[in-house]
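J.: What follows is a single structure, and I will ask about it in a moment.
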Amino acid sequence: QVQLVESGGGLVQAGGSLRLSCAASGSIFSINAMTWYRQAPGKQRELVAGITSGGSTNYADSVKGRFTISRDNAKNTVSLQMNSLKPEDTAVYYCNAAASPYRGYPIRGYWGQGTQVTVSS
């Protein structure tokens, strides 16, 4: 199956930057969209940014102009560059990949374990 491992979270002051990375491993036949979500305490998980295998991107309005998503299809990785961070960006950030582990298997979503991002004011 497909495993996802996130890295790069941490504590940063407001206005600072962090770069999150997510690496997919295991049995991978194909990966379509790769997406970052986040979940703050007491809130629902929300989409932050997504990128297709062809490089098309979409962003939540709250992060447009501050966050940039990118991916390396050869390495099965996706990154999220987060600039001008705000306290409201504090959350656990999760990587999701729409992937198929074997030829002929249906594509489904796989999740990483999450990485904590804390922005202090």
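J.: Rounded to the nearest 5, what % of DSSP beta bridges with both residues in the chain are antiparallel?
T.: Percentage antiparallel, nearest 5: 90.
J.: Could I ask something else about it? Would you kindly state how much longer the chain becomes between Q44 and K64 on full extension, computed as 0.36 nm times their sequence separation minus their alpha carbon distance, in nm to one decimal?
T.: Fully extending the segment from Q44 to K64 adds 5.2 nm.
J.: Quickly work out the N32-to-A14 label distance, labels modelled 7 Å from Cα along the C-beta direction, and quote it in nm with one decimal.
T.: 4.0 nm
J.: Moving on to the next point. Express the relative contact order of segment 32-102 as a whole percentage, based on alpha carbon pairs under 8 Å and six or more residues apart in sequence.
T.: The normalised contact order for segment 32-102 reaches 38 percent.
J.: For the charge dipole of the chain, defined by +1 on Lys and Arg C-beta atoms and -1 on Asp and Glu C-beta atoms about the Cα centroid, which residue among Y59, G8, A99 has the Cα displaced farthest towards the positive pole?
T.: Checking the options against the dipole of the chain, the answer is A99.
J.: Which of Y105, Y59, Y93 moves the most in a Gaussian network model of the chain with Cα springs under 10 Å?
T.: The residue that fluctuates most here is Y105.
J.: Here's a follow-up. Pick from S100, S70, S62: which is most flexible by mean-square fluctuation in a GNM of the chain where alpha carbon atoms under 10 Å apart are linked?
T.: S62
J.: While we're on this one: With Kirkwood's inverse mean 1/r over C-alpha pairs for Rh, give me the Rg to Rh ratio of the chain, two decimals please.
T.: A ratio of 0.98.
J.: Among R108, R19, R71, which one moves the most in a GNM of the chain with springs linking Cα atoms closer than 10 Å?
T.: Looking only at R108, R19, R71, the biggest GNM fluctuation is shown by R108.
J.: Follow-up. Per residue, how much accessible surface does the chain expose to a 1.4 Å probe? Answer in Å², no decimals.
T.: On a per-residue basis, 51 Å².
J.: With all protein chains present, how much of the accessible area of segment 1-115 (probe radius 1.4 Å) comes from carbon and sulfur, to the nearest whole percent?
T.: 49 percent
The values are calculated or read from the model by the stated rules, or taken from the named source; none is laboratory data. Quantities reported herein were computed from a predicted structural model and do not represent experimental measurements. In this analysis, Cβ positions are derived from the backbone assuming ideal geometry, glycine residues included, and neighbour counts consider all displayed protein chains. Accessible surface is based on the protein model in full, side chains and every heavy atom, while ligands, DNA and RNA are left aside. Shrake-Rupley method; radii C 1.70, N 1.55, O 1.52, S 1.80 Å.
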